[in-house]
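Written below as structure tokens is the structure these notes are about.
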Amino acid sequence: MKILVTGSSGHLGEALMRVLKDQGKDVLGIDVLPSSYTDQVGSIDDKRFVRENMRNVTHVLHTATLHKPHVATHKNQQFIDTNITGTLNLLEASVEKNARSFIFTSTTSTFGDALTPGPDSPAAWITEEVVPIPKNIYGVTKTAAEDLCQLFYRNHHLPCIVLKTSRFFPEEDDDHAIATNYADANAKVNEYLYRRVDTEDVVSAHLVAMEKASLIGFSKYIISATTPFGKDHLRALRKNAPEVVESLYPEFEKIYARLGWKMFPTIGRVYVNMKARKELGWLPKYDFGYILDRLKSGAGFKSELAAAIGSKGYHRQ
């Protein structure tokens, strides 16, 4: 078994390389940027580069991408080249080399405008059944890449799993109001209720997807921390989120007060990971309750893996 990790200089790519190397796996990291976890430097939009690095590869973990923060700094064509053409090159090479699985790291950002309910509507309950309405070139290209994965499963029987990850980057929030009014750690811990996931859990999702891909064939999964909310909470979350959170975690206000933190007044969406837990057997650890216990004991909210990788500075580039 040989595993190719694309985007090995990025947050998730580095995390996968660290874990796979620690497990003694035969793994090759490629990225357009050099790093201590990248074996070959080059772009996935270069078909020759991709084919050269697919020798003997049995599993592809495709994390390389231009991200949402790059919308402000990169042209539309660059998103198409990397996110669509690059994915196509990898899929074609995977078929040519008879790869046994192709795991594509996508994003909950593809849901786009479907994530924003009307002013008098309850919070949006986001499952894999929600139809994406991309609102920028990032969402459009990731959605197109998801469709390419489905096409290659249908036409070439290449097992493809799409993992639609929620936020796991450590950089400061790109929403100026959030960054201004909330301590960074405060905002991120709040998000574990509905739209964030720890890097350690994202890695474990990719590894179980790789194991199960040949049995599943093709499917899409939301990869986010397990929410404590149910559909019966959705209307109240729009009106008074702190009250809902306190009803589920009576100690949260005391813990937050000690840290000088506050809960968001409203929550407008909830990502649901039930399908991934049921079909993949994925067992995410870092949810809001687990993190509260860590905070209560004086520990930080990040896993050791996430802390070791640190920030890549995408928002500043």
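Here are a few things to note about the model shown:
- Restricted to region 168-253, the set of helices (runs of 4 or more DSSP H) holding at least 1 residues that are in contact with a strand residue (DSSP E or B) (Cβ under 8 Å, 6 or more places away or on another chain) and not polar (S, T, N, Q) comprises 184-191, 199-216, 234-239.
- The residues of region 100-130 that are of a type in the set (Gly, Ala, Ser) and touching a helix residue (DSSP H, G or I) at 6+ places or on another chain (Cβ under 8 Å), listed by number, are 101, 106, 109, 112, 121, 123, 124.
- Filtered by the rule that a residue be loosely packed, with under 15 Cβ neighbours inside 10 Å and assigned to a helix (DSSP H, G or I), region 116-149 gives a lone residue, 147.
- Residue match in region 45-59 (condition: of a type in the set (A, V, I, L, M) and assigned to a helix (DSSP H, G or I)): yes
- For the residues 232, 184, 201, 175, the requirement of being among the charged types (D, E, K, R) and under 17 Å from the mean Cα position of the chain (by Cα) singles out 201.
- The residues of region 287-303 that are in contact (Cβ under 8 Å) with a residue 40 or more places away in the chain and either in contact with a strand residue (DSSP E or B) (Cβ under 6 Å, 6 or more places away or on another chain) or in a helix (DSSP H, G or I) (or both), listed by number, are 288, 289, 291, 292, 295, 296.
- Within region 67-81, being within 20 Å of the chain's Cα centre (by Cα) and assigned to a loop (DSSP other than H, G, I, E, B) holds for one residue alone: 67.
- The lone criterion from (1) in contact with a Pro (Cβ under 8 Å, 6 or more places away or on another chain); (2) within 18 Å of residue 194 (Cα to Cα) left unmet by residue 310 is number (2).
- With respect to the conditions (1) farther than 21 Å from residue 173 by Cβ; (2) in a helix (DSSP H, G or I); (3) in contact with a helix residue (DSSP H, G or I) (Cβ under 7 Å, 6 or more places away or on another chain), residue 284 falls short on a single one, namely (2).
- Residues in region 28-44 that are among the aliphatic types (A, V, I, L, M), surrounded by fewer than 16 Cβ atoms within 10 Å (Cβ to Cβ) and in a loop (DSSP other than H, G, I, E, B): 33 only.
- Members of region 304-317 that are outside any loop (DSSP other than H, G, I, E, B) and hydroxyl-bearing (Ser, Thr, Tyr): 314
- Applying the condition of being more than 21 Å from residue 232 (Cα to Cα) and among the β-branched types (Val, Ile, Thr) to region 243-295 and asking which residue is surrounded by the most Cβ atoms within 10 Å (Cβ to Cβ) yields 291.
- Checking 99, 64 one by one, the residue that is touching a residue at least 12 places away in the same chain (Cβ under 8 Å), within 23 Å of residue 27 (Cβ to Cβ), in contact with a Gly (Cβ under 7 Å, 6 or more places away or on another chain) and not in a helix (DSSP H, G or I) is 64 and no other.
- Tabulated pairs, region 114-140, first over 21 Å from residue 219 (Cα atoms), second assigned to a loop (DSSP other than H, G, I, E, B) and of a type in the set (Val, Ile, Thr), C-beta under 7 angstrom, 6+ apart or interchain: 123/267
Every read-out reported here was derived from the displayed coordinates using simple, explicitly stated rules and does not represent laboratory data. Since the model is a prediction, treat every value here as computed from it, not as a measurement. Every residue, glycine among them, receives a Cβ derived from its backbone with ideal geometry; neighbour counts consider all protein chains shown.
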